[in-house]
Amino acid sequence: MGDEPPGRRPKSRAGRPFALARRHERRVGKITDVLLDHVAHGRKYADAFGTRLWIHGGGRRRFPFALRCHIVAMKLAARRVMSATETTTASYEELEQAVLDHYGIEATHHHLALKRPDITGHVLEYGRGVPAILMHGGDGEGWNFAPLMAELAGDLRMFAIDRPGYGRSGYLDYSEVPDLRAHAVDYLASLMDGLGLESAVLVASSFSGIFALPFALAHPERVRAIVIPSYAAGVSRYAAWGIRVRATFPRFGRGYTEAGRTPEGQENLHRNLWGIPPGGLPDVFYQARSAGSQLPGCEKNWQYLRSRIIGLRGTRPEACYEDELKRIERPVLVLWGDDERNAVGPFRKATSTLPDCRFVVLPDVGHFPHMQAPTRTARYIREFLHSVPAA
């Protein structure tokens, strides 16, 4: 068979292995080995993937041999994946420390054996004063609060957590979590027990709202106050149209996730989606975020969790606590950035049902006030906590 003319796409049957190769690699990552029982077909798929080919003779009598080949192939592939994972993890931990060093934070690392869920939970402890649990947004990590931690070192004993499945915390497949509400309550209770905390201030950024709100409803005695830096998931049924599309249609969600695999992509996301201007954060911050987003299981979990919380109509009922906010009697501070991409109206209306809520609008600030304007954010938090009665 002669070569295809330049620029001409292969016919459907001839190009099928290549189309399948691209589709499979988008789903599971780099394919390293192909095992088939047909030489011609196997050769096409191996060429399409650019991998080694393992052939067995077919038939049930030959199956044990095929299985042995498959096991060998999987071991070789796993060895390469493990090596890449170790490199990624080491790079991430070095960058995490570089961010902490940049902000002058000498944090204590805790690796807690949690009971619910049964994983290791990673926590950064820094500062002295009233205990506060800092919960990152989306697919982030605890160190994302470094700019704010540097400002509040003398006011709060801060515990910046890596939520399950992110940062240095153990992996958790959220598709196997049947009840997000029960999971959030159990996780924070287990975390606080492991840290020896009877109560704490909860600082919930973005998607961590679905952790703070149900916990405050279930265990009000363990919550001193709640701080919400700008939008938090679960407060209102409303969600910006862009996040609805990315959550509902995997194709758009993947593009958003893949864009964050490089420091440059992270900087663009922080500028275009979250309102942080160029130079608003140090380069090492974006480098560490890029490395964190590529830790094993992170992308998969974030894509799934996002689609489970948000749909085309907004926040899904499973993750929406708007009708229950009136039962949260602890003081709440909302610091809303006026460059926030989510509309302020629905959020202000929802939080107006809270018995004790202070709503502050920060000019020229986007989705992450604790990153973009840590000094102003710290000042408002400090003033707010001074007015909160002692536990």
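The values are calculated or read from the model by the stated rules, or taken from the named source; none is laboratory data. Please read these numbers as outputs of a predicted model, since none were measured by experiment. Ideal geometry is used to build each Cβ from the backbone, glycine not excepted, and the neighbour counts take in all protein chains shown.
So, Gly242, is that one in contact (Cβ under 8 Å) with a residue 60 or more places away in the chain, loosely packed, with under 15 Cβ neighbours inside 10 Å and part of a helix (DSSP H, G or I) or not? For Gly242, the condition - in contact (Cβ under 8 Å) with a residue 60 or more places away in the chain, loosely packed, with under 15 Cβ neighbours inside 10 Å and part of a helix (DSSP H, G or I) - is met. Looking only at residues of region 207-233 that are part of a strand (DSSP E or B) and of a type in the set (A, V, I, L, M, F, W, C), we find that the one that is farthest from Phe145 (Cα to Cα) is Val223. Out of all the residues in region 307-342, which are of a type in the set (Val, Ile, Thr) and under 25 Å from Gly366 (Cβ atoms)? Matches in region 307-342: Ile309, Ile310, Thr315, Val332, Val334.
Among Tyr166, Tyr231, Tyr187, which is the only one that is among the aromatic types (Phe, Trp, Tyr) and in contact with a Pro (Cβ under 8 Å, 6 or more places away or on another chain)?
Result of the check over Tyr166, Tyr231, Tyr187: Tyr187.
Within region 270-284, can one find any residue that is in contact with a Lys or Arg (Cβ under 6 Å, 6 or more places away or on another chain) and part of a helix (DSSP H, G or I)? No, the conditions are met nowhere in region 270-284. When Ala216 is tested against (1) surrounded by fewer than 21 Cβ atoms within 10 Å (Cβ to Cβ); (2) aliphatic (A, V, I, L, M); (3) closer than 21 Å to Val332 by Cβ, only condition (1) is not met.
Within region 276-291, if we keep just the residues that are of a type in the set (Gly, Ala, Ser) and touching a helix residue (DSSP H, G or I) at 6+ places or on another chain (Cβ under 6 Å), the residue that is surrounded by the fewest Cβ atoms within 10 Å (Cβ to Cβ) turns out to be Gly280. Residues in region 313-353 that are over 21 Å from the mean Cα position of the chain (by Cα) and in a loop (DSSP other than H, G, I, E, B): Arg313, Ile328, Glu329, Arg330, Pro331, Asp338, Asp339, Ala343, Ser352, Thr353. Figure legend. Inter-residue proximity from region 163-181: first residues buried (at least 20 other Cβ atoms within 10 Å of the Cβ), second residues among the basic types (Lys, Arg), beta-carbon distance below 8 Å, spacing 6+ or different chains. Indicated pairs: Ser169/Arg163.
Would you list the strands (runs of 3 or more DSSP E) that sit entirely within region 120-201 and hold 3 or more residues that are closer than 16 Å to Cys298 by Cα?
Correct list: 120-126.
Glu299: surrounded by fewer than 16 Cβ atoms within 10 Å (Cβ to Cβ) and among the acidic types (Asp, Glu), yes or no? For Glu299, the condition - surrounded by fewer than 16 Cβ atoms within 10 Å (Cβ to Cβ) and among the acidic types (Asp, Glu) - is not met.
If you take the residues of region 119-157 that are among the acidic types (Asp, Glu) and closer than 22 Å to Tyr187 by Cβ, which of them is surrounded by the fewest Cβ atoms within 10 Å (Cβ to Cβ)? Among them, the one singled out is Glu125.
For region 223-239, a residue qualifies if it is more than 25 Å from Leu197 (Cβ to Cβ) and either among the aliphatic types (A, V, I, L, M) or surrounded by fewer than 24 Cβ atoms within 10 Å (Cβ to Cβ) (or both), and the qualifying residues are Arg237, Tyr238, Ala239. Scanning region 332-362 for residues that are out of contact with any Asp or Glu (no Cβ under 9 Å at 6 or more places or on another chain) and hydroxyl-bearing (Ser, Thr, Tyr), we see that the one that is surrounded by the most Cβ atoms within 10 Å (Cβ to Cβ) is Thr351. Within region 182-207, being without any contact (Cβ under 8 Å) to a residue 40 or more places away in the chain and either surrounded by 24 or more Cβ atoms within 10 Å (Cβ to Cβ) or in contact with a Phe, Trp or Tyr (Cβ under 7 Å, 6 or more places away or on another chain) (or both) holds for Ala184, Val185. Looking only at region 363-391, which residues are free of Cβ contacts under 8 Å to residues at least 60 places away in the same chain and either acidic (Asp, Glu) or in contact with a helix residue (DSSP H, G or I) (Cβ under 6 Å, 6 or more places away or on another chain) (or both)? Answer for region 363-391, where residues must be free of Cβ contacts under 8 Å to residues at least 60 places away in the same chain and either acidic (Asp, Glu) or in contact with a helix residue (DSSP H, G or I) (Cβ under 6 Å, 6 or more places away or on another chain) (or both): Asp364, Glu383.
With the requirement that a residue be in contact with a Phe, Trp or Tyr (Cβ under 8 Å, 6 or more places away or on another chain) and either at pLDDT below 95 or of a type in the set (Val, Ile, Thr) (or both), what does region 315-332 give you?
Thr315
Total residues in region 289-309 satisfying the condition of being at pLDDT 95 or above and not in a helix (DSSP H, G or I): the figure is 0.
Does region 363-391 hold any residues that are in a loop (DSSP other than H, G, I, E, B) and either buried (at least 18 other Cβ atoms within 10 Å of the Cβ) or among the aromatic types (Phe, Trp, Tyr) (or both), and which are they?
First, pick out the residues of region 363-391 that are in a loop (DSSP other than H, G, I, E, B): 363-368, 373, 387-391.
Residues satisfying the conditions are Val365, Gly366, His367, Phe368, Ala373.
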